[in-house]
Amino acid sequence: MRRLTSIGAITTHDGIRFRPIGHHSLTRSLSKRGPGYKDYEVAFPFAEPMRIRVETGRVFADLTGSRFASEQELLADRIRPGSRALVINAGTGDTTKWIADLAGPSGAVVSLDLDEQSVQFASRRYAADNITFEHGDGSLLLGEPDNAFEFILAPRAFSPNDEGLDLMPLWRLIAPGGTLAISTASGSVLALRLSRLLGDCSMGQARTVVLERAGISLAIATRQI
């Protein structure tokens, strides 16, 4: 809570320093009484500094807590050491780093996001030998071979009202025994159809469960063959 209400500089345990610009707290800035955003200058121990803007759709775990905390809680036992992993709509990188830590040094994670500032921040904040941060969407995966990943997470990557979502481009990338996890808002059109969509694209080759946590539906499909 202190991070949300503080108007002074914040330094993380590993030396990342967030210096707020302006006099209002983050909570006030994002409220109806504020402008809807809050800017910070960020200094990194081993990378060039940069300015970030916190908005409703762009949050930073050091300041607000993880945007995908529910997904992390539900998936903690699904990521094996040595896994090749992919995150689509990765945001500002903390969930990618969390997956990379679970996959370990023998694993590798590709992190995609359409927001350039989020990718720039993530590549500085969470730089690691087993992570690749890229600016773009799923179209970057067209050249990837089938069965390229053991774990794919698409957290809130698709419109909750999408009735024509095709998951085959992602499913073909899942290796046998691997997992595809997709989250969306609970009760949405997409949430009600996720299990069937995964069943259709897997042609009966998946075991699928749908879990609920804090207003989020998370569909997890494990490839059988």
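Every number here is computed from the coordinates shown, using simple stated rules; none is lab data. In this text the structure is predicted, and so the values were computed from the model without any measurement. Virtual Cβ from ideal backbone geometry, glycine too; neighbours counted across all protein chains shown.
At 7 Å along the Cα-to-beta-carbon direction for both Asp200 and Asn161, put a label point, then send me their distance in nm to one decimal.
Each label point lies 7 Å from its Cα, and together they span 1.9 nm.
Pairs of alpha-carbon atoms within less than 8 angstrom and 6+ residues apart define the contacts here; what relative contact order does the chain have, in percent? Walk me through the intermediate numbers first.
On the way: 451 pairs, mean separation 29.1, N = 225.
Relative contact order comes out at 13 percent.
Just tell me, in residue order, which DSSP H segments of the chain are both 18 angstrom or longer along the helix axis (alpha-carbon based) and at least 0.0 in mean Kyte-Doolittle hydropathy.
Within the chain the helices that satisfy the rule are 189-202.
How big is the Cα convex hull of the chain in projection, averaged over all directions, in nm²? List each step's numbers first, then the result.
Working: hull surface 50.3 nm².
Over all viewing directions, the chain projects a mean Cα-hull area of 12.6 nm².
List, largest first, the extents of the alpha carbons of the stretch 2-64 along their principal axes, each in whole Å.
Dimensions of the stretch 2-64 along the principal axes of its Cα atoms: 36, 20, 19 Å.
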